[in-house]
Amino acid sequence: MRQSAADPYWNTNVARHPGILRAVPEGCGDALDVGCGDGLLARKLAGQAKHVTGIDKSPDMIACAREFAAGDPQLTFVEGDFLTAKLPRAEYDFVCSVTTIHHMDFEAAFVRMRDLLRPGGTLVVVGLAREVSGTEWAALIAAAPVVRTAKVLRRASAPQGMPVADPQMSYGQVRAAAQRLLPGVRYRRHVLRRYSLTWEKPAR
């Protein structure tokens, strides 16, 4: 399993990038990557959106993202707290976030992402949650051999200095909160210990 030039490294977050890219609406103008890290996904999004903004709280990650972007005018990277940073309301055709929302207040982050979308825009959140119920633990145990094999074969790694945090919400709590905040949201539980939420903001 060779990594493509677009994937200088692979991990269970990068594994979700193809699905995120498939969700980008046709003719996307502005896209926002919340918790962009070193900007890998943002650089991929630049192939499908006219302009991409990445935001991350980590100075080290933003420095890496800006360095890798090499002055590309399609890419802008903002260092700051997503919940308080100045970002244009209802201006983005596409908003995404990969394993970042559990670092923040879940509901506040979802409401802000929802508000930043243009009517008709698409939101995709990939997240990490914790197992609580018997069903959730059974799913984790059943998937464990697949996860271990994938990580070994793909030589899983992450950028140095990437912030980490343990999730506090269970998969069931995530699903219930998302359905309350974003009516019509599509929820999926993935084998590589991730969930995804996809939502299209109603057009006016």
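The values are calculated or read from the model by the stated rules, or taken from the named source; none is laboratory data. Owing to the predicted nature of the structure, the values given are computational and were not obtained by experimental measurement. Quick reminder, even Gly has a Cβ in these numbers, built from the backbone with ideal geometry, and neighbours come from all protein chains shown. When the accessible area is computed, the model is the full protein with side chains, heavy atoms only, and any ligands, DNA or RNA have been set aside. Shrake-Rupley method; radii C 1.70, N 1.55, O 1.52, S 1.80 Å.
Worth pointing out:
- Subset of region 88-101 (residues that are crowded, with 20+ Cβ neighbours inside 10 Å and not in a strand (DSSP E or B)): T99, T100, I101
- Selection count, region 170-204, where residues are part of a strand (DSSP E or B) and under 20 Å from N11 (Cα atoms): 7
- Residues in region 50-62 that are open to solvent by 10 Å² or more (accessible area, probe 1.4 Å) and not basic (K, R): H51, T53, D56, S58, P59, D60.
- Within region 167-191, being touching a residue at least 60 places away in the same chain (Cβ under 8 Å) and either over 17 Å from the mean Cα position of the chain (by Cα) or farther than 22 Å from V24 by Cα (or both) holds for P167, Q168, M169, V174, A177, L181.
- Across region 18-27, not a single residue is classified as outside any helix (DSSP H, G or I), open to solvent by less than 10 Å² (accessible area, probe 1.4 Å) and touching a residue at least 60 places away in the same chain (Cβ under 8 Å).
- Of all the listed residues (A65, A85, A42, A15), the sole one being assigned to a loop (DSSP other than H, G, I, E, B) and either open to solvent by 10 Å² or more (accessible area, probe 1.4 Å) or in contact with a strand residue (DSSP E or B) (Cβ under 7 Å, 6 or more places away or on another chain) (or both) is A85.
- Test: residue in region 45-58 that is under 20 Å from L192 (Cβ atoms), part of a loop (DSSP other than H, G, I, E, B) and of a type in the set (G, A, S): no
- Among the residues making up region 116-132, those that are open to solvent by less than 40 Å² (accessible area, probe 1.4 Å) and more than 19 Å from G19 (Cβ to Cβ) are L116, E131.
- Any hit, region 3-11, residues being of a type in the set (A, V, I, L, M), surrounded by fewer than 22 Cβ atoms within 10 Å (Cβ to Cβ) and assigned to a loop (DSSP other than H, G, I, E, B): yes
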